[in-house]
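Here the structure is laid out as structure tokens; the discussion comes afterwards.
The values are calculated or read from the model by the stated rules, or taken from the named source; none is laboratory data. Computed from a predicted model, the values in this text were never measured in an experiment. In this analysis, Cβ positions are derived from the backbone assuming ideal geometry, glycine residues included, and neighbour counts consider all displayed protein chains. Protein only, heavy atoms only, side chains kept; ligands, DNA and RNA dropped before computing areas. Shrake-Rupley method; radii C 1.70, N 1.55, O 1.52, S 1.80 Å.
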Amino acid sequence: MKNSLLLIVILLITGIHAHAQVAEKLQQLGMENIRTSHTDSKTVVAFEDNVYRGTYRGIGKAIIAALDVLNNGGLEMVVTDNNIPQLCISISQELAAEYKSGKADIREVYRQMGISCDTRQAMEILKSNHKVTNSSFGKVDIVIYPEVKLENSGWDALYTYYVNLAPAVEMPLWKGAELTAQVIFPIATNLNGQYKKIRPGVMTLSQEFYWGKTFTGRLVAGNFTNNRMGVQAEMKWCASNGRVELGAVAGGTIQSIITNNEGWYLSRKKRMNAAVKASVYEPRFNLQFDVQASRYLYGDYGLRGDCTRHFGEYAIGVYGMYVDGELNGGFHFAIPLPGKKWAKNRGVRIRQADYFAMEYSMTTWGKYADRNMGKTYKTRPDENRSNRFFQPDYIRYFLIKESN
């Protein structure tokens, strides 16, 4: 009896020491919002990566760091974004032991580990520990976003264009909440009016939600892109393997624009927009297919389909639209900007954006342009198809590829 009690005490002490070491190692990497717990068979840890560009690179660093200090048992890691669970990575006790002994390299770990959008069980275990190591609360990022637009829509110039720098203050608040305040500084343009003025960009307060298994939601209010101000709500469900996603979004906005005579002008006319969305990920070729049916800002209805290929952190795609009898299409891309890693200080950090994204529209004249068809807006300054892309097959594939 005494021997059994002694064994239990030793196992408990070993487990506590193991997950404390894992938390310390992740903190040394710069990971934030770290929470750990331990069961008889595994160490469970949640962390958030605000250091490495993209999604898979920081996850790979965290897996290696945790395995290096893991004494025994398996490992379960919850990847969060703004304290909202995104992924659960599971490494069995046998696989962890093979890696520690040198029988399996890190590529084999990436191949065999479990990776899922279902984080419920791991989060239940983590509820026993409310202590957060290296919290992101109160830390401020000043992110410099480049803005470039080219449009062939006039008769007096081959192209209308603008080039802006748009720094944004981004600060996490409580769980799931973020404050964003962006100012746009014009650098070069051949447009008039507000395009030559310093003006507000995305200025929002957002709250994200996590409902159990694979449901997430977001509510945001403030000033958006394309001269809109208002509120928007969105909800998303994804399959456990992340290959199918369904979502819906609805918003109500007014016009928000800088004029020569009235300064910052806010209209009284409210406009409603809504959309239902579906997304399918094809892992063999890293293709993402999106389709959505929308009611756009000015009352027109339409369908849009996108096909995007992911080349690591590069995302390049084409799209087509059918809106109130009119056809349109084009291409879009998101490319990483220099800097794979950013230092994370206790106070204020100044850095450039992780990605530069652009979308080109084929039709910018005629009925389609006159009636402002297919118009919408974005509620984040960093909204693109590479940022916050936590698709499990994508992450596994490029972890293996980068390890080669």
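Brief remarks follow.
- Only one of GLY325, GLY347 that is small (Gly, Ala, Ser) and either open to solvent by less than 30 Å² (accessible area, probe 1.4 Å) or closer than 29 Å to ALA250 by Cβ (or both): GLY325
- For the stretch 66-79, the set of residues classified as open to solvent by 10 Å² or more (accessible area, probe 1.4 Å) and modelled with pLDDT of 90 or more consists of GLU76 only.
- Search result, residues across the stretch 359-379 that are open to solvent by less than 40 Å² (accessible area, probe 1.4 Å) and assigned to a loop (DSSP other than H, G, I, E, B): THR363, THR364, MET373, GLY374, TYR377, THR379
- Here the condition is being under 23 Å from ASN223 (Cβ atoms), of a type in the set (D, E, K, R) and in contact with a Phe, Trp or Tyr (Cβ under 9 Å, 6 or more places away or on another chain); of LYS340, LYS375, it holds for LYS375 alone.
- Residues in the stretch 380-404 that are more than 13 Å from the chain's Cα centre (by Cα), of a type in the set (D, E, K, R) and open to solvent by 40 Å² or more (accessible area, probe 1.4 Å): 3 in all.
- Condition met for GLU234 (modelled with pLDDT of 90 or more, surrounded by 17 or more Cβ atoms within 10 Å (Cβ to Cβ) and closer than 23 Å to MET203 by Cβ): yes
- When the stretch 336-358 is filtered for residues that are assigned to a strand (DSSP E or B) and without any contact (Cβ under 8 Å) to a residue 40 or more places away in the chain, only ALA357 remains.
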